[in-house]
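K.L.:
Got a structure for you, questions after.
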Amino acid sequence: MTTDESTTAVAEETLRASTTSDNQSSAFLTPGPRPSAPSVEVLRVPGGYEDLAGSKDQSCDEIIIEVGDPHRVGDGLNKHIEYKLTFWSDSELYGGTGASGCVTRRYTDFEWLSKQLGANCDGVIIPLLPSKTILHMDDPSSRGIEKRRSGLAVFMARVAAHPLMRKSQDLHAFLTQDSKSWTQRVAWYERGVLSEGVSSVTSWFSTLSAADVSSLTSSMSVDTLREAQQYIDTVDYINKLKLRLEKLIAAAGALQKHGGHTVKVYEDFVACLELLATQEDKALKVFTSAKGVWWKRLSDLYAALIPTQREASDVMRSEFLDSLEEVNALCGALVAAFAARKRVVDHYNRVTASIERIESKLSTMGVPEPGPKREEKQKIELAASDLRIERTQTHERYERCCANMEHELIWFHTEMAAVLGQALKAHVAAQGAAVGKLSRLQDEHFSDIKAMLAKKPDAFAG
């Protein structure tokens, strides 16, 4: 084979491999048929937004989003896990009736979406993402990755069910842009936790000037935006509630660990009893007239108790502790919404302070003669005009934030009461069932002994 023929063969093989890879990728990113119902069902969503939209029929805006198929991408330092996102919607935003699509996203992309929703959906409680782990996880089949995938699925389900968040342009870009366009649109430093530090530092240096430094400790203006006392009391209540929930979670977690420890102690105790029973059987074969201790019966009793103890410990986690953590995460999301509203208020007050400083400076300039002084004053007046427009826009955003948060707070209390009530009911029922089962096991195991003790000996019969 000549050199040209060898080069041609290599090129054809590369083309075939590339075509096969593209076909596999296309098949992987095929949405498939629309499910009849989402895998994660959100029972309760905030109400009242239909009044703001001017229409009560929002069924056409519904969207189903599924998160699945975690897979590893890249090598070395670029190695990470990506998740397959599939959506189905009849919304005009996504192309009308029967629209669907499929993309892959990594965890930091979800962080970007969460941050954008928090910045653009004023007053809305943005659901929290599953927490990050200290250890790097790169095994798609590991329990940690599956737990994260499940948490991301819950996050996307809540976003898709919310009347405002599902209409977000940021969500649309997140679900529709292919990997190449997405990477070009969202730079690496704009995604994830690092972006928060970069944006905060950038914002600080872009807004801070020499004149601002001297005014940071100045007194508050008459036009300063202040929150109502009722809202301040609500924020204080939620913060205290979150602290109490964290203490309750710690106590419930300790109780659940104690249950697991009890199971381990029972297993060790059963092993000791079985060893004693084995040794006793050997001794009875030698000393036939001796009476043995009921080690085997005691071993059988504790062995029968182990599954019930383990089930009670598992139910403590699934029925109670998980629900407490869900409500605590909900409180954390509400606290984040409070913080976002505070940033709007702080920005309004900063703009107001800047306007007052500029107006004070303009009053000292008087009416300068034509020339550099007048041009300087005109520039300052233009800056003041821009700031007034910005202040008006910020105040409109604050009013929007207040209106949305009214709906969100009503939903929050309803959701919290429902989740905690159901968790307490399930926990009490499960613990009662476990106690009853343990009692029945003990009664059945020692029923013959109880019958013997209940019967009076012949010598005492009268």
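The values are calculated or read from the model by the stated rules, or taken from the named source; none is laboratory data. Nothing here was measured: the structure is a model prediction, and the numbers come from that model. Because the Cβ atoms are built from the backbone with ideal geometry, glycine has one as well, and the counts that use them run over all protein chains shown.
K.L.:
Out of all the residues in region 374-386, is one or more surrounded by 17 or more Cβ atoms within 10 Å (Cβ to Cβ) and part of a helix (DSSP H, G or I)?
P.N.:
yes
K.L.:
Within region 134-143, does at least one residue satisfy the condition of being touching a Pro at 6+ places or on another chain (Cβ under 6 Å) and assigned by TED's automatic domain parsing to the domain that holds Leu77? Working first, answer last.
P.N.:
From region 134-143, those touching a Pro at 6+ places or on another chain (Cβ under 6 Å) are 140; that's our starting set.
Filter again for assigned by TED's automatic domain parsing to the domain that holds Leu77, leaving 140.
Taking every residue of region 134-143 in turn, at least one turns out to be touching a Pro at 6+ places or on another chain (Cβ under 6 Å) and assigned by TED's automatic domain parsing to the domain that holds Leu77.
K.L.:
Take the residues in region 355-373 that are assigned to a helix (DSSP H, G or I) and of a type in the set (A, V, I, L, M), then tell me which one is farthest from Ile125 (Cα to Cα). I'd like the intermediate steps shown before the answer.
P.N.:
So the first thing to find is which residues in region 355-373 are assigned to a helix (DSSP H, G or I), and the list is 355-365, 372-373.
Restricting the remaining residues to those that are of a type in the set (A, V, I, L, M) gives 355, 358, 362, 365.
On the way: Ile355: 32, Ile358: 36, Leu362: 42, Met365: 47 Å.
For region 355-373, the residue satisfying everything is Met365.
K.L.:
Output yes when any residue across region 131-143 is assigned to a helix (DSSP H, G or I) and at pLDDT 75 or above, and no when none is. Give the derivation first.
P.N.:
First, pick out the residues of region 131-143 that are assigned to a helix (DSSP H, G or I): 143.
Now restrict to residues that are at pLDDT 75 or above: 143.
So far as region 131-143 goes, yes, one or more of its residues are assigned to a helix (DSSP H, G or I) and at pLDDT 75 or above.
K.L.:
Restricting region 53-98 to residues that are loosely packed, with under 11 Cβ neighbours inside 10 Å and assigned to a helix (DSSP H, G or I), which is modelled with the highest pLDDT?
P.N.:
Step one: filter region 53-98 for residues loosely packed, with under 11 Cβ neighbours inside 10 Å, giving 54-57, 59, 75-78, 97-98.
Restricting the remaining residues to those that are assigned to a helix (DSSP H, G or I) gives 59, 76-78.
Values: Ser59: 63, Gly76: 76, Leu77: 74, Asn78: 79.
Ranking the candidates gives Asn78 first.
K.L.:
Can you confirm whether region 336-344 contains a residue that is among the charged types (D, E, K, R) and touching a Gly at 6+ places or on another chain (Cβ under 7 Å)? Spell out the reasoning first.
P.N.:
First pass over region 336-344, keeping only residues among the charged types (D, E, K, R): 341-343.
In the following step, the residues that additionally are touching a Gly at 6+ places or on another chain (Cβ under 7 Å) were identified as 341.
Within region 336-344, one or more residues are among the charged types (D, E, K, R) and touching a Gly at 6+ places or on another chain (Cβ under 7 Å).
K.L.:
Let me ask another. Taking the conditions exactly as written (out of contact with any Gly (no Cβ under 9 Å at 6 or more places or on another chain) and either crowded, with 17+ Cβ neighbours inside 10 Å or not in a helix (DSSP H, G or I) (or both)), does Phe269 satisfy them or not?
P.N.:
On the way: out of contact with any Gly (no Cβ under 9 Å at 6 or more places or on another chain): yes; either crowded, with 17+ Cβ neighbours inside 10 Å or not in a helix (DSSP H, G or I) (or both): no.
Considered against the rule, which asks whether it is out of contact with any Gly (no Cβ under 9 Å at 6 or more places or on another chain) and either crowded, with 17+ Cβ neighbours inside 10 Å or not in a helix (DSSP H, G or I) (or both), Phe269 comes out as no.
K.L.:
Given the conditions (1) modelled with pLDDT under 90; (2) surrounded by fewer than 18 Cβ atoms within 10 Å (Cβ to Cβ); (3) under 30 Å from Met416 (Cα atoms), report the number of the one that Arg34 does not fulfil.
P.N.:
(3)
K.L.:
Right, something else. Specify which of the listed residues (Leu324, Leu298, Leu334) is buried (at least 16 other Cβ atoms within 10 Å of the Cβ), within 17 Å of Val270 (Cβ to Cβ) and not aromatic (Phe, Trp, Tyr). Give the steps one after another, and end with the answer.
P.N.:
Values: Leu324 fails: within 17 Å of Val270 (Cβ to Cβ); Leu334 fails: within 17 Å of Val270 (Cβ to Cβ).
The unique qualifying residue is Leu298.
K.L.:
A further question follows. Determine, yes or no, whether Leu93 is within 20 Å of Arg158 (Cβ to Cβ), under 22 Å from the mean Cα position of the chain (by Cα) and assigned by TED's automatic domain parsing to the domain that holds Ser150.
P.N.:
Values: within 20 Å of Arg158 (Cβ to Cβ): yes; under 22 Å from the mean Cα position of the chain (by Cα): no; assigned by TED's automatic domain parsing to the domain that holds Ser150: yes.
No; evaluated as a whole, the condition is false for this residue.
K.L.:
Keeping to region 404-438, report how many residues are within 26 Å of the chain's Cα centre (by Cα) and loosely packed, with under 15 Cβ neighbours inside 10 Å.
P.N.:
The number of residues fulfilling the criteria is 10.
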